[in-house]
Amino acid sequence: QVQLVESGGGLVQAGGSLRLSCAASGSILSLNFLGWYRQAPGKLRELVAYITLGGRTNYADSVKGRFTISRDNAKNTVYLQMNSLKPEDTAVYYCKVSSGAMDYWGKGTLVIVSS
C-alpha cells in the first residue's frame with residue numbers, strides 16, 4: 001500500500017508559477033510510473049505528465065514547454081513545476097503512482113489561476 005499526499009496548490013495569477021509536490025509513504029525507487037493528472041470542473045480527469053522508472057518523461061500537449069515533472073528518490077517525492085500558468089490550468093491536480101499492476105492516487109491539490 002502506497003499513500004500519497006499532494007501539496008503546493010493555491011491561487012496564482014496568469015503567468016505565474018507553482019510547484020506541486022507528491023510525497024509517498026514509502027520508497028519510490030521501484031515504482032514504474034509516477035504521474036500527475038488534473039480534473040477541471042465539469043471535465044474528465046486527464047493526464048498532465050508522467051515519469052517512468054527509467055526517467056523517461058511525457059507531457060500533455062497543452063502543458064509542453066511550461067510544466068516539468070521530476071522525481072527525488074531520496075525524498076520519495078514527485079514534483080510538478082508549473083510555469084506560465086493559464087486560467088485553463090485551473091483544476092484539482094492528482095498524483096498517481098503505479099507499482100506493478102496496482103495504482104495509487106492522492107486526494108488532490110487545488111490550483112486556481114486567475115486572469
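Largest GNM mean-square fluctuation among Leu20, Leu31, Leu44, using the chain with Cα springs under 10 Å: Leu44.
Lys-Lys pairs in the chain that are eight or more residues apart or on separate chains and whose Cα atoms lie under 18 Å of each other come to 5.
Only protein atoms count toward the accessible area here, which uses a 1.4 Å probe; on the chain, the carbon and sulfur part of that area reaches 50 percent.
Starting from the coordinates of the alpha-carbon atoms of the stretch 19-64, obtain the Kirkwood hydrodynamic radius over all distinct pairs and give the value in Å to one decimal.
That comes to 12.0 Å for the stretch 19-64.
Averaging Cα coordinates gives a centre for the stretch 23-45 and one for the stretch 54-115; these two points are 7 Å apart. Taking the chain as a Gaussian network of alpha-carbon nodes connected by springs under 10 Å, the highest mean-square fluctuation of the residues Val48, Val78, Val12 belongs to Val12.
Taking Lys64, Lys96, Lys86 as the candidate residues, the one with maximal mean-square fluctuation in a Gaussian network model of the chain, Cα springs under 10 Å, is Lys64.
Just so you know, the Cα atoms of the chain work out to an Rg and Dmax of 13.3, 41 Å. Ordering Arg66, Arg71 by accessible surface, largest first, gives Arg71, Arg66; the 1.4 Å probe counts only protein heavy atoms, with every chain in place.
The values are calculated or read from the model by the stated rules, or taken from the named source; none is laboratory data. Since the structure is predicted, the reported quantities are computational estimates derived from the model, not experimental observations. Accessible surface areas use protein heavy atoms only, side chains included; no ligands, DNA or RNA. Shrake-Rupley method; radii C 1.70, N 1.55, O 1.52, S 1.80 Å.
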